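What follows is one structure encoded as structure tokens, with my remarks underneath.
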Amino acid sequence: MNKYVKKGLCIALAAGLIASSFAGCAKVNYVTNSAVEAIYKIKDGSWQETEAEGEGAAAEGDPVVIDTFTAGTYGGVEFSSLEDVANYYVEAYNYTKTLTAEYTDENGDKQTFYKLLGDENLEVGEIMIDGSSNAMINNLVPGIVGGLFAPNTYGLVPCYNRDPNLDNNLEDTTRKADHDFRTSAVTAEDILDANVTDNGDGTITMVIQPKAGQMSTRGDDSQGRFFEVLGDIGGVVASIDMISFAQGTAEENITVDYKGGTVTVKIDTATKEIVEADYKMIANVSVNHANVAVIKDKSASLVITYTNHFPASDEYLLEKKGIKRAVPLS
């Protein structure tokens, strides 16, 4: 697998939830020693002492979680429909990804990356085992996530690489569809709702809620055209030897539903440059009939919240990737 294809996260979800592979721009991390250790911590059966009943991660429908669209003129730009919102977002995204800046890497070499680079964060919500919550299992999660998730920096999502010349998967022969992530494929059909605000300073802020999706792949649907989604989680989990299923295959027993995520972008209307952005992806992961170690035929669910903020601070870039902007943020 090309090293720029995926970034992954495998989380031991004691009591039957296995692992969930988080797709992004860089690499795939399969179950590591910390995840395996977490699994064996719960082999003594104490995971069965559930403390609170719950409804699981996924909910029905696709409710709007933002203010609804109101036609009007904002910052001198007329928006009469969600199609206008989609078109303006695409224009701003495409223009912003034409902009580059000079950086110095950890070896002191000059590099050209996107002008707008972002940070990233991942949080795992409460884990439900057969519909119930267990405090011990949930207490293990922060340590596992901390050991498996290494924050990185990329251009506007979805993204393949912070180097514009590498921001595509056109040479990835394992994929059914090719995408050049230097341009956005978003259309009005991808948007559930949106709103626009005039900031009174030459910028507007657009808040967009993409339509829900299931088992999304980057660039291929409403969620994958806005976010770094999980992609082929079933295929990744199927390759992990310690995990099996009481019935069916990994692909049949694992679902990922995306909904309720939002995209917030501040755009300079004079240039259509995105100057600030926040992407919040919410993935509801469900696993059925899972066997992990001595734990047999269990179902589990959890919510993954993955966020990207642009621009990343100078401190973040230096700490996480050892790179410095030639011109620091003001």
Residue among Ile267, Ile274, Ile282 that alone is in contact with a Ser or Thr (Cβ under 7 Å, 6 or more places away or on another chain), crowded, with 23+ Cβ neighbours inside 10 Å and farther than 18 Å from Thr153 by Cα: Ile267
Count - residues of segment 202-228 that are open to solvent by 10 Å² or more (accessible area, probe 1.4 Å), under 20 Å from Val64 (Cβ atoms), modelled with pLDDT of 95 or more and outside any loop (DSSP other than H, G, I, E, B): 2
Some residue of segment 186-198 being over 25 Å from Ala270 (Cβ atoms), at pLDDT below 95 and open to solvent by less than 30 Å² (accessible area, probe 1.4 Å): no
Residues that are among the hydrophobic types (A, V, I, L, M, F, W, C), exposed (fewer than 15 other Cβ atoms within 10 Å of the Cβ) and modelled with pLDDT under 95, drawn from segment 54-71: Ala59
Unique match (being in contact with a strand residue (DSSP E or B) (Cβ under 9 Å, 6 or more places away or on another chain) and without any contact (Cβ under 8 Å) to a residue 24 or more places away in the chain) among Gly234, Gly202, Gly224, Gly213: Gly234
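What residue, of Val229, Val237, is under 29 Å from Phe149 (Cα atoms) and in contact with a helix residue (DSSP H, G or I) (Cβ under 7 Å, 6 or more places away or on another chain)?
Sole residue among the options that is under 29 Å from Phe149 (Cα atoms) and in contact with a helix residue (DSSP H, G or I) (Cβ under 7 Å, 6 or more places away or on another chain): Val237.
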Residue within segment 234-245 that is modelled with pLDDT of 85 or more and at negative phi present: yes
Some residue of segment 291-307 being touching a strand residue (DSSP E or B) at 6+ places or on another chain (Cβ under 8 Å), closer than 16 Å to Thr153 by Cα and surrounded by 14 or more Cβ atoms within 10 Å (Cβ to Cβ): yes
Qualifying residues in segment 229-254 (those that are more than 19 Å from Met281 (Cβ to Cβ) and touching a Gly at 6+ places or on another chain (Cβ under 6 Å)) - the one least open to solvent (accessible area, probe 1.4 Å): Ala250
Filter result (loosely packed, with under 15 Cβ neighbours inside 10 Å and of a type in the set (Val, Ile, Thr)) within segment 72-99: Thr73, Thr98
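The values are calculated or read from the model by the stated rules, or taken from the named source; none is laboratory data. Just so you know, these numbers come straight off a predicted model, no measurement behind them. In this analysis, Cβ positions are derived from the backbone assuming ideal geometry, glycine residues included, and neighbour counts consider all displayed protein chains. Accessible surface is based on the protein model in full, side chains and every heavy atom, while ligands, DNA and RNA are left aside. Shrake-Rupley method; radii C 1.70, N 1.55, O 1.52, S 1.80 Å.
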